[in-house]
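Presented below is the structure to which this report refers.
The values are calculated or read from the model by the stated rules, or taken from the named source; none is laboratory data. A quick note: this is a predicted structure, and the numbers were derived from the prediction, not measured. Neighbour counts run over all protein chains shown; Cβ positions are idealised from the backbone, glycine included. The accessibility values were calculated without ligands, DNA or RNA, using every heavy atom of the protein model including side chains. Shrake-Rupley method; radii C 1.70, N 1.55, O 1.52, S 1.80 Å.
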Amino acid sequence: MGACMPTMGKPQAPPAASSVVLLGRPGAGCTSLLQALAVAAESSGKGSGGGADGCGFVDGGHGGAAPRTGKGHGGKASAAIDGSGVTIRRLTVGGLLLDMMDVGALDQMHAVFRKNGLSATAVIYTLDASSPATFAAAATDLRRLFIGDRAAKTTIFPDVPLVLAINRIPSGAPRQATGEYVRRLRVDDLPVRALHAVAIESVSGQHPGVHRTLAVLAAEVRRARESSLVT
């Protein structure tokens, strides 16, 4: 997942994309969040014209071939996974290429990742704050994701950042209220590189929580890429 180092006298290769997995319980709003992140990236990039220093996206849609890099301006390209129904959108955020993979449910992600030999640089888990009945299942998802289920031979993502996107949080709730959801999901002891909980009242490309999610994600991916260059 490392980047190409500059070579004197030769053009620099386009940066590799980092894969980010989005998942959550059915109805939590993963697909809506992905759309909102794409809108937020696009709107953030308008001021700088997009490209390497701005933000933007190209919709990868459904189906097709395995993720690939094209030759578009700023390294933008479409990407998809064959026959899985996974939606991928490639976002350009501050010079980073992010393949945002909406894999839906956890079990589907395991099948897709085993089939395609994929990995992830970061994970966004969407929690529906308006549905407490789903919290126990969400907590189980996260433990299976980062600690694993040896009996089921599930995929484990050790030492990657986790962004907990708390969707549909009550309007006017204080920002520190996110800590209550972290405790209820028992995620503060997961073996993740970093844990961020972001409150999102409504999934909209203009909502501050969506922009905050995008900024946190970009910072963690950049940190992971820089770490990979020195190891």
Of all residues making up the range 112-134, the number that are more than 20 Å from Ser202 (Cβ to Cβ) and touching a residue at least 24 places away in the same chain (Cβ under 8 Å): 11
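Residue by residue, here is whether (1) acidic (Asp, Glu); (2) open to solvent by less than 10 Å² (accessible area, probe 1.4 Å) holds:
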| position | (1), (2) |
| --- | --- |
| Ile88 | no, yes |
| Gly94 | no, no |
| Met100 | no, yes |
| Val103 | no, yes |
| Asp107 | yes, no |
| His110 | no, yes |
| Tyr125 | no, yes |
| Pro132 | no, no |
Test: residue in the range 114-131 that is over 18 Å from the mean Cα position of the chain (by Cα), at pLDDT below 65 and outside any helix (DSSP H, G or I): no
When residues of the range 134-147 are limited to those that are under 19 Å from the mean Cα position of the chain (by Cα) and open to solvent by less than 40 Å² (accessible area, probe 1.4 Å), the one farthest from Leu190 (Cα to Cα): Ala138
Residue within the range 200-212 that is in contact with a helix residue (DSSP H, G or I) (Cβ under 6 Å, 6 or more places away or on another chain), modelled with pLDDT of 85 or more and open to solvent by 10 Å² or more (accessible area, probe 1.4 Å) present: yes
